[in-house]
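Read the structure below first, then the notes.
The values are calculated or read from the model by the stated rules, or taken from the named source; none is laboratory data. Every value quoted in this text rests on a predicted model; they were computed, and no experiment measured them. Ideal geometry is used to build each Cβ from the backbone, glycine not excepted, and the neighbour counts take in all protein chains shown.
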């Protein structure tokens, strides 16, 4: 899968929305597709996730996120993979977080359907998955003249169709 977006991190004010929709526990393995600087994975671990995996194309982001994991003492709980999300198995995931683009949501749909176990939760920021009915939604963050509060979409595998 080509890079769908440049690095556009989730705002700090909006991070909690992922975990309001998909609370985590020590039995959860959280994947962040397009993990950037790792902020969502570090938040997942802070909220009690057992393990976290970031998938990111940019080697500089991987270096930064891996360094931050070492500084936080989390190297044994978080892994960062420099890879295309389409080339990484998601079978171990119990929660998948994603903030990419509408094109990525469309491209990921068959992969998510094929690889995720029933009950796996998927939370998409801003870009819903076409044809899937969300099990829940929320808006979180802040609004300004230039920035609209993002919408978050929760799907539970297998998702209901909205058609």
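Per-residue answers, yes or no, for (1) touching a strand residue (DSSP E or B) at 6+ places or on another chain (Cβ under 8 Å); (2) within 25 Å of residue 162 (Cβ to Cβ):
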site	(1), (2)
34	yes, yes
41	yes, no
48	no, no
73	no, no
76	no, no
92	yes, no
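For every residue, the table says whether it meets (1) crowded, with 20+ Cβ neighbours inside 10 Å; (2) over 22 Å from residue 137 (Cα atoms); (3) touching a helix residue (DSSP H, G or I) at 6+ places or on another chain (Cβ under 9 Å).
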| residue | (1), (2), (3) |
| --- | --- |
| 16 | no, no, yes |
| 23 | no, no, no |
| 43 | yes, no, yes |
| 59 | no, yes, no |
| 65 | yes, yes, yes |
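Spot the failing condition for residue 143; the list is (1) at pLDDT below 95; (2) out of contact with any strand residue (DSSP E or B) (no Cβ under 9 Å at 6 or more places or on another chain); (3) surrounded by 15 or more Cβ atoms within 10 Å (Cβ to Cβ), and only one is missed.
That leaves (3) as the condition not met.
Being under 18 Å from residue 52 (Cα atoms), crowded, with 16+ Cβ neighbours inside 10 Å and out of contact with any helix residue (DSSP H, G or I) (no Cβ under 6 Å at 6 or more places or on another chain) is the requirement here; does residue 108 meet it?
Considered against the rule, which asks whether it is under 18 Å from residue 52 (Cα atoms), crowded, with 16+ Cβ neighbours inside 10 Å and out of contact with any helix residue (DSSP H, G or I) (no Cβ under 6 Å at 6 or more places or on another chain), residue 108 comes out as no.
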